[in-house]
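Before any comments, here is the structure.
Just so you know, all these numbers are worked out from the coordinates, no wet-lab data involved. Please read all numbers here as calculations on a predicted model, not as lab measurements. A quick note on method: Cβ atoms are made from the backbone with ideal geometry, for glycine too, and the neighbour counts reach across all protein chains shown.
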Amino acid sequence: MSAQSNATAIPPIEVVSSEVITSLAFAAHAYMEPIGEDAVADLDAADIAIELAGKIYDRIQLRLQPEERSAFGRLLTELRMTYVRKRGA
């Protein structure tokens, strides 16, 4: 019998970071647009999520494919614009 490795491959950092950016973007949106009659936006939490996503993006952007870079750039720009509108309201 041959021994099989139970080790799993570690995904590239770009994959892990992309998932984290996406999760933070969803969280930021949820903090800005809470669901429910008595729900109140948590703009400070949204700001933290957006800032963290932006820092991760800044760190990995050169390792992303051009289309991924553009997509994440647009996502973060839209999130920031939404945040500014909500903060000003």
For residues that are surrounded by fewer than 19 Cβ atoms within 10 Å (Cβ to Cβ) and within 19 Å of residue 80 (Cα to Cα), tally how many sit in the stretch 26-39.
6
Count - residues of the stretch 20-54 that are in a helix (DSSP H, G or I), in contact (Cβ under 8 Å) with a residue 12 or more places away in the chain and not β-branched (Val, Ile, Thr):
15
Unmet requirement for residue 45, which otherwise passes all of (1) over 14 Å from the mean Cα position of the chain (by Cα); (2) surrounded by fewer than 15 Cβ atoms within 10 Å (Cβ to Cβ); (3) aliphatic (A, V, I, L, M):
(1)
Residue check for residue 36: on the phi > 0 side of the Ramachandran plot and over 17 Å from the mean Cα position of the chain (by Cα):
yes
Return the residue satisfying two criteria in turn: it lies in the stretch 55-89 and is touching a residue at least 24 places away in the same chain (Cβ under 8 Å) and of a type in the set (A, V, I, L, M), and of such residues it is farthest from residue 14 (Cα to Cα).
79
